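Asker: Let me give you the structure first, and then I'll get to my questions.
The values are calculated or read from the model by the stated rules, or taken from the named source; none is laboratory data. It should be emphasised that the depicted structure is a prediction, and the values quoted were computed from it without experimental measurement. Heads up, the Cβs are rebuilt from the backbone with ideal geometry, glycines too, and the neighbour counts pull from every protein chain shown. SASA here: full protein model, heavy atoms, side chains in, ligands and nucleic acids out. Shrake-Rupley method; radii C 1.70, N 1.55, O 1.52, S 1.80 Å.
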Amino acid sequence: MTVHSGVLATGAVVAPPVFTSIAEERAHRKGRLAVAYRLFAQLGYDHWVAGHITVRDPELPDRFWVNPFGRSWRHLRASDLLLVDLDGHLVAGEGAVNAAAFAIHSEIHRARPDVTAIAHAHTRSGRAWSATGRALEPLSQDACAFYGDHALFDDYTGVVIDPEEGKRIAHALGEAKAVILRNHGLLTVGHSVDEAAWWFITMERSCQVQLLAEAAGKPVFIDQEQAEVTAGQVGGHFAGWFSFQPLYDRIVAEQPDLLD
Ligand SMILES: [Zn+2]
């Protein structure tokens, strides 16, 4: 039995790719971003026109790729993605950029050079849990990925279109992997699209589980010591990347046109 940054396995496990050129890495990031949008759509996360997932360009760290505003995530292709700089200028691609996507994501990309990708969507359980104004508790193994590693943005001031509000969200996020935006939804970050998307998916499900558990009674939480151990097992960068791989395989097998 080996432990690879929290993933328990016998034998070799797949590892993040290594690139021989910037062009190859850029194509990879755009492909992963298109996959994340298609997957979020399949999971029902494409509420209204809200939400956005972004990935930093591998060559130009002050630019990031994002979806064209108002276009269906269900049919998005890698070639549809837009490149935007941190000041909101469209650098490549055709379409409009959601003002909220720019206001929030640009400030987080600016504040967190370690962050490659950011995911945000208005999902049902994330929104419902956010309205409690509470952080998630360690009441399941999966929720322990967020133990001591997520924040609460305990404010709501309307649709975020002002970069100053994006700065406040980035400040609340701090060095964590996720932030609950009160009365709004969830936001997660990662060293890859894979990781940010996985944290988002498992955080949305953790919100659902806590809502269900508290509706049914008074849940028993995992104690602090075990929550910390479990966080080390399921909450690392590699574990986040690794957990996304079956979902990537599924969407690409079902919808190969997304990589066009
Ligand atoms: Zn939003």
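Asker: Going toward the positive end of the dipole of the chain, with +1 on Lys and Arg Cβ and -1 on Asp and Glu Cβ, which of 120, 91, 42 do you reach last?
Answerer: In the chain, that residue is 42.
Asker: Remind me, what semi-axes does the range 126-168 give for its equivalent ellipsoid, largest first in whole Å, using sqrt of 5 times each Cα gyration tensor eigenvalue?
Answerer: 25, 12, 8
Asker: What order, most packed first, do the peptides 96-102, 161-167, 113-119 have when packing is the mean number of other Cβ atoms within 10 Å of each residue? Display every interim value, and only then the final one.
Answerer: Working: 96-102: 19.7, 161-167: 16.4, 113-119: 21.7.
Packing order, densest peptide first, comes out as 113-119, 96-102, 161-167.
Asker: Dipole magnitude of the range 172-260 about its Cα centre, charges +1 at Lys/Arg Cβ and -1 at Asp/Glu Cβ only, in debye to the nearest 20?
Answerer: With only Lys, Arg, Asp and Glu charged at Cβ, the dipole is about 320 debye.
Asker: Where Lys and Arg each count +1 and Asp and Glu each count -1, what net charge lies around residue 16 among other residues with Cβ under 14 Å from its Cβ?
Answerer: Numbers: positive: 29, 32; negative: 24, 25, 194, 195.
Charge balance in the 14 Å sphere: -2.
Asker: So, one more: Can you tell me the length gained on complete extension of the stretch residue 18 to residue 49, counting 0.36 nm per residue apart and subtracting the Cα distance? Mind dumping the intermediate values first?
Answerer: Numbers: separation 31, 0.36 × 31 = 11.16 nm, distance 3.43 nm.
That pair, residue 18 and residue 49, stretches by 7.7 nm at full extension.
Asker: Kindly give the semi-axes, whole Å and largest first, of the ellipsoid equivalent to the chain, taking each as the square root of 5 times a Cα gyration tensor eigenvalue.
Answerer: Details: eigenvalues 149, 104, 56 Å².
Semi-axis lengths for the chain are 27, 23, 17 Å.
Asker: Quick check: at a probe of 1.4 Å, how many percent of the accessible area of the chain sits on carbon and sulfur atoms?
Answerer: Details: 6280 of 11730 Å².
So the carbon and sulfur contribution to the accessible surface is 54 percent.
Asker: While we're looking at this one, here's another question. For the chain, what does the helix formula give at 222 nm: sum of -39500 (n - 2.57) over DSSP H segments with n ≥ 4, over the residue count, nearest 500 deg cm²/dmol?
Answerer: Working: 7 runs with 105 residues, N = 260.
Dividing the helical sum by the residues of the chain leaves -13000 deg cm²/dmol.
Asker: Taking only protein heavy atoms into account and a 1.4 Å probe, give the accessible area per residue of the chain in Å².
Answerer: Values: 11730 Å² over 260 residues.
Result: 45 Å² per residue.
Asker: Ranked from highest to lowest mean number of other Cβ atoms within 10 Å per residue, what is the order of the peptides 237-246, 172-181, 10-19? Numbers along the way, then the final one.
Answerer: Numbers: 237-246: 19.0, 172-181: 20.6, 10-19: 9.8.
The packing order, highest mean first, is 172-181, 237-246, 10-19.
Asker: So if I take the centroid of the Cα atoms in the range 133-149 and the same for the range 38-81, what is the distance between those two points in Å?
Answerer: Centre-to-centre distance over Cα atoms comes out at 27 Å.
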